[in-house]
Amino acid sequence: MAQTSAQKCYICTEKNGVFYCYECQHALCAVCRERHDKVPALSGHTIADINVIDLSNVQNDKTRCITHDKEYQFYCVKCSDLICVKCVTSSHKGHSFSDISEIVSEKRKTAQTALQKLKCKIEVISSVEDTVGVKHLEKLQYDSQKVITDIESTFKELHLFTKSKEDIKKTEVEDNERIQQESIELFLKTTGIIHDRYAQVVTALQNILCEKHDVTFYKLYRDIDNDITFLDDIPKEPMLPSVPSLDKTMFYTEILEYIQSKTENSLCRNCFPQKEKLVEILEENKQLKRDVDVKEAKLNAESTENRRLQIVIIDMESKYAKKERENESLTKEIKVLQEREESQDHTTPDTSDDSICMTCANCSDYSYMYSHAIYCEGCGEHMGNRVNMM
C-alpha cells in the first residue's frame, strides 16, 4: 500500500527521504543511504523504497519487543512468537528458536497459497452470483409467466364469476414470485457481502506480500491470518425456485360447488347421480387395470416356463443323438464278434501227423501248429512259447 512520503532525511535533514530503514526507523535520501550502508554495523539493515511502503504499518511498536523494547531477533518455535535477545535468556529460556527469516519464508509461502485459494473461491462465488442472478430469476419469471398463461386460458372458459377467481389465482402466483424473488435477492446481497470480505482479505494479502521487512510482514500476516480463519464459507447455490402449478381439479371443484349453490334444485338433483356414476366408472377402470396386470404377470410366467422347457428339450435331443451313436457303434462290434464266432464254428481242424492243436495264450483261440507255422490263425500273434497244448 504505497504512499508518498514528505519526510526529510534523518541524517542530512535537508533532502526528502526516498528510502526507509526498518531497523533505524528513519527516512534516508539517496546520498545518506550510501553513507548508511558503508557503516558495518548498519549494513544488514532492511532498506526499502519509501514510496512503496505504508509508513503507518512500520512506524509503530510492532517491530520491537513489548516487554524489553528491543528489536526482534529470533523466532520461538515453542511459543510461535517473535522474541528479542533478552527474551532468549528470560521468559523463553530453554525454548528452541530459529531465525526470523526462516519462519517468514514459510509464512510467505503460506500466504501465497492462501491468496491463490481465496482467488479461486472468489471465482466460485462470482459464478454462483451469476447463476443465481440470471438463471434463477429467469426460471422464476419464465415458470411464473407460464403458470399465469395457463391460469388465464382456463379462466377464459368461464364468464364474470370465473374472472374473479382468475384474479385470486394470479395474485397467489405473483405473491409466491415476490416472496421467492425477495429470498433470491437476499441471498445475492449476503453473497455480495461475503464476496467483498474475501476481496478485502485478498487485497490485504497482496499488499503485505510487497512488504520486505520480515517483522512487519509477520505481524501484519498474523492479523490477516485470523481474518482468513473467520471468513464465511462459500454459500451454496440454493434450490431452483418453484412455482405452484394450477390445480385444475381443485379449481373446477370450487367452481362446481359455487355453481351448485347458485343453480336451481332441478340441476342439483342431476349433479349427485352423475358424480356417483363417475366414481363407479373410475372404480371399474381401476379393477380392469388390476386384471390386466394379473394377466401380464401370468403371461410373463408362462413365457419363462416355455423358454425353460425348450432348453430341456434341446438338451434331451442332444443326449438322444449321443446314445444313438453309441448304439450304432455297439451294433457294429456285436456284428463283428458274431461273424468271427460263426467262422470259428465252421472251421475243420486238420489233424495230420505233422501238426499240433494248441490254444493261443493271447486270444484263447485254438489253432493247429504245423512244423512250418508258429502264428495264431485267430489274432495273428506269434505263438512261440505262448501256447497251451490241446
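The values are calculated or read from the model by the stated rules, or taken from the named source; none is laboratory data. Owing to the predicted nature of the structure, the values given are computational and were not obtained by experimental measurement. Cβ: placed from backbone, ideal geometry, glycine included. Neighbour counts: every protein chain shown. Remember, those area values only see protein heavy atoms, side chains included, never the ligands or the DNA or RNA. Shrake-Rupley method; radii C 1.70, N 1.55, O 1.52, S 1.80 Å.
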query = With GLN180, GLN200 as the choices, which residue is open to solvent by 80 Å² or more (accessible area, probe 1.4 Å) and part of a helix (DSSP H, G or I)?
reply = GLN200
message = Out of the residues in segment 181-197 meeting the condition of being touching a residue at least 12 places away in the same chain (Cβ under 8 Å) and of a type in the set (Val, Ile, Thr), tell me which one is farthest from ILE122 (Cα to Cα).
response = ILE184
Members of segment 115-160 found to be in contact with an Asp or Glu (Cβ under 8 Å, 6 or more places away or on another chain) and closer than 30 Å to ASP233 by Cα, listed by number = VAL128, THR131, VAL132, LEU140, GLN141
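Every residue in segment 237-296 that is of a type in the set (Gly, Ala, Ser) and at pLDDT below 85, please.
Within segment 237-296, SER261, SER266 qualify.
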key: Criterion violated by ALA111 - all others in (1) in contact (Cβ under 8 Å) with a residue 40 or more places away in the chain; (2) surrounded by fewer than 18 Cβ atoms within 10 Å (Cβ to Cβ) satisfied   = (2)
message = I'm trying to understand the selection: among the residues of segment 75-101, which are under 17 Å from LYS212 (Cα atoms) and surrounded by 13 or more Cβ atoms within 10 Å (Cβ to Cβ)?
response = LEU82, ILE100
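Right, VAL104: open to solvent by 70 Å² or more (accessible area, probe 1.4 Å), among the hydrophobic types (A, V, I, L, M, F, W, C) and touching a strand residue (DSSP E or B) at 6+ places or on another chain (Cβ under 9 Å) or not?
On the way: open to solvent by 70 Å² or more (accessible area, probe 1.4 Å): no; among the hydrophobic types (A, V, I, L, M, F, W, C): yes; touching a strand residue (DSSP E or B) at 6+ places or on another chain (Cβ under 9 Å): yes.
No; evaluated as a whole, the condition is false for this residue.
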inquiry  = Residues that are touching a residue at least 12 places away in the same chain (Cβ under 8 Å), in contact with a strand residue (DSSP E or B) (Cβ under 8 Å, 6 or more places away or on another chain) and among the basic types (Lys, Arg): does segment 205-215 have at least one?
reply    = yes
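In segment 215-222, is there at least one residue being open to solvent by 50 Å² or more (accessible area, probe 1.4 Å) and more than 19 Å from SER127 (Cα to Cα)? Don't jump to the end; show me each part of the working.
Of segment 215-222, the ones open to solvent by 50 Å² or more (accessible area, probe 1.4 Å) are 222.
Now restrict to residues that are more than 19 Å from SER127 (Cα to Cα): 222.
Looking through segment 215-222, at least one residue is open to solvent by 50 Å² or more (accessible area, probe 1.4 Å) and more than 19 Å from SER127 (Cα to Cα).
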key: Failed item in (1) in a loop (DSSP other than H, G, I, E, B); (2) modelled with pLDDT of 85 or more; (3) open to solvent by less than 60 Å² (accessible area, probe 1.4 Å); (4) not β-branched (Val, Ile, Thr), with CYS24 passing the rest   = (2)
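I'd like the residue in segment 149-171 that is without any contact (Cβ under 8 Å) to a residue 12 or more places away in the chain and in a helix (DSSP H, G or I) and, out of all such residues, is surrounded by the fewest Cβ atoms within 10 Å (Cβ to Cβ).
LEU160
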message = What pairs come out if I take residues in segment 219-239 that are over 15 Å from ILE194 (Cβ atoms) and of a type in the set (Ser, Thr, Tyr) and pair them with residues that are part of a helix (DSSP H, G or I) and open to solvent by 30 Å² or more (accessible area, probe 1.4 Å) whose C-beta lies under 9 Å away, six or more apart or interchain?
response = TYR221/LYS107; TYR221/ARG108; TYR221/THR110
